[in-house]
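Colleague: Pasting in a structure now, in structure tokens, and then I'll have a few things to ask.
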Amino acid sequence: MTLLSQLLPPAAQQLRDAGIDGAMGDARVLLAHAAGIAPDRLTLHLADPATPEVTQRFAELIARRAARVPVSHLLGYRLFWGRRFAVSPDVLDPRPETEDLIAAALSRPFGRVLDLGTGSGCILLTLLAERPAAQGFGVDLSPAALQMAARNAEGLGVAERVSWGQGSWFAPVRGSFDLIVSNPPYIAADEMAQLSPEVRLHEPRMALTDEADGLTHYRVIAAQSPGFLSPGGRLMVEIGPTQGPAVAGLLQAAGFQDVALRKDLDGRDRVVSGVAPNAA
Ligand SMILES: C[S@@+](CC[C@H](N)C(=O)[O-])C[C@H]1O[C@@H](n2cnc3c(N)ncnc32)[C@H](O)[C@@H]1O
């Protein structure tokens, strides 16, 4: 009789051979998934027998992981700000760095929030879940991403407070907002080759790069946001670690006040914010 614990070492070796860092951690998460056990309870079940069905499911998951499919795509979800977001190859995986944008956004009150390039909806839906009186509008160029975001809104119980617009940046947007947030595609075209296979091959290219210098979308967002912010409203964008001065300069050029750079937990520039130019 094979035990669940005995499946782990060869699986982790298979992942190591495929060049995957953290192979044992991934193998444990996938074994828990294959066995229908919560990941934090796997240790309690390691002496359980491995049924043929679980062994087969686990082998298939490990083979796909060895082909560099992200763990989140194998599980179908990713945790963000303590909540579960459904993900697929149609949306960017929510990243821990983006939680810095959430922390910054929650530091002041807001009623109406606009999220440009909503993807899975992780930013907008987290803000709505954290602020039960707030209303949101999420924009994406990708209809498939908007479907995933709408599904996540249902799952988090905030669907009645959010609406969606398909199109490029401000094209589907009407009215004004207290807060505009965005994590636009900011990887420069010539940096794409350096990305891991998980990102390069399994996440949507249109979520990653502007196919240019990485700043294209910030130029549009900084220039047009003032027309959609209420007096005193704020713009907050996530940035790549080298883009702080350039993006802060774009906000200043658009007339934003109190332009500030916020660092992530690793000490790298991560969020640029500013107050609407028409503030009193
Ligand atoms: C970096 S992802 C961010 C997704 C999500 N907000 C997050 O933080 O995980 C950028 C998103 O912008 C969308 N996007 C790309 N070009 C766009 C455009 N011109 N107008 C609106 N959305 C766009 C992509 O489809 C993608 O969902």
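Colleague: Out of the range 100-120, which residues are in a strand (DSSP E or B), open to solvent by less than 10 Å² (accessible area, probe 1.4 Å) and not aliphatic (A, V, I, L, M)?
Modeller: Asp115
Colleague: Could I ask something else about it? Does Asp40 satisfy being open to solvent by 30 Å² or more (accessible area, probe 1.4 Å), assigned to a loop (DSSP other than H, G, I, E, B), of a type outside the set (S, T, N, Q) and over 30 Å from Gln166 (Cα atoms)?
Modeller: No: the conditions fail for Asp40.
Colleague: Search the range 174-209 for residues being within 13 Å of the ligand (Cβ to nearest atom) and either open to solvent by 50 Å² or more (accessible area, probe 1.4 Å) or modelled with pLDDT under 95 (or both), and hand back the single one that is farthest from Leu74 (Cα to Cα).
Modeller: Filtering the range 174-209 for residues that are within 13 Å of the ligand (Cβ to nearest atom) and either open to solvent by 50 Å² or more (accessible area, probe 1.4 Å) or modelled with pLDDT under 95 (or both), the one farthest from Leu74 (Cα to Cα) comes out as Met206.
Colleague: In the range 259-277, which residues are open to solvent by less than 40 Å² (accessible area, probe 1.4 Å) and either β-branched (Val, Ile, Thr) or in contact (Cβ under 8 Å) with a residue 40 or more places away in the chain (or both)?
Modeller: The answer is Val259, Asp264, Arg270, Val271, Val272, Ser273, Gly274, Val275, Ala276.
Colleague: Additional query: Got a sec? Which of Trp164, Trp81 is modelled with pLDDT of 95 or more, open to solvent by 50 Å² or more (accessible area, probe 1.4 Å) and in contact with a Cys (Cβ under 9 Å, 6 or more places away or on another chain)?
Modeller: Matching residue, one of Trp164, Trp81: Trp81.
Colleague: Can you name every residue in the range 90-132 that is away from the ligand (no atom under 12 Å from the Cβ) and in contact with a His (Cβ under 9 Å, 6 or more places away or on another chain)?
Modeller: None - no residue of the range 90-132 is away from the ligand (no atom under 12 Å from the Cβ) and in contact with a His (Cβ under 9 Å, 6 or more places away or on another chain), so the list stays empty.
Colleague: Which one of these is among the basic types (Lys, Arg) and under 14 Å from Phe85 (Cβ atoms): Arg151, Arg161?
Modeller: After applying the criteria, what remains is Arg151.
Colleague: Also, quick follow-up: Looking only at the range 139-164, which residues are more than 9 Å from the ligand (Cβ to nearest atom) and either of a type outside the set (A, V, I, L, M, F, W, C) or not assigned by TED's automatic domain parsing to the domain that holds Glu211 (or both)?
Modeller: Pro143, Gln147, Arg151, Asn152, Glu154, Gly155, Gly157, Glu160, Arg161, Ser163
Colleague: Looking at the structure I just gave you, is Ala246 open to solvent by 30 Å² or more (accessible area, probe 1.4 Å), away from the ligand (no atom under 16 Å from the Cβ) and over 20 Å from the mean Cα position of the chain (by Cα)?
Modeller: yes
The values are calculated or read from the model by the stated rules, or taken from the named source; none is laboratory data. Please read all numbers here as calculations on a predicted model, not as lab measurements. Glycine also receives a Cβ, built like all others from the backbone with ideal geometry; neighbour counts cover every protein chain displayed. Keep in mind that these areas ignore ligands, DNA and RNA; they rest on the heavy atoms of the full protein, side chains included. Shrake-Rupley method; radii C 1.70, N 1.55, O 1.52, S 1.80 Å.
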